[in-house]
Amino acid sequence: MTCLVRNSLRDPQVVLPTIVSGLQVYFDKALGSNLLYRFERPQYAEIRKRYVTGPTVQVSQEREMSSIYGAEHLLRMIGLSSPPVTAQISH
């Protein structure tokens, strides 16, 4: 069984969807608290009310923030979570 797990972890058809799913979950959780500038937070609150928590949101009609916010926020997440390239270069 352990060999089967190891082999599946090397299969791109297994690994890539797992990585993408993990990034999406992390993005959805980190967006409101870590990725937005202060001036973006009121808009975020309104969007959450409209698509996630508000009284007009219907069950099974909710939307994840990753389906609303764009690439610039994803790039912020990647930039915040990875060390700067210059820190890895030794002189």
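So for region 35-78, taking the charge dipole from beta-carbon charges (+1 Lys/Arg, -1 Asp/Glu), which of ILE68, LEU36, ILE78 sits furthest toward the positive end?
LEU36
If each residue of separation counts as 0.36 nm, what is the full-extension length gain between VAL57 and LEU75 once their alpha-carbon separation is subtracted?
3.6 nm
Using the Cα gyration tensor of region 35-78, with a ≥ b ≥ c the square roots of its eigenvalues, what is the shape: rounded (a/c below 1.5), prolate (a/b larger than b/c) or oblate (neither)?
Judged from the Cα gyration tensor, region 35-78 comes out oblate (a/c at least 1.5, b/c at or above a/b).
Among rounded, prolate and oblate, which fits region 1-70 when a ≥ b ≥ c are the square roots of the eigenvalues of its C-alpha gyration tensor, a/c under 1.5 means rounded, and a/b larger than b/c means prolate?
prolate
Quick note: the coordinates plus some simple rules give every number you see, no bench work behind them. Keep in mind it's a predicted model, so treat the numbers as computed, not measured. Note: ideal-geometry Cβ built from the backbone for every residue, glycine included; neighbour counts use all protein chains shown.
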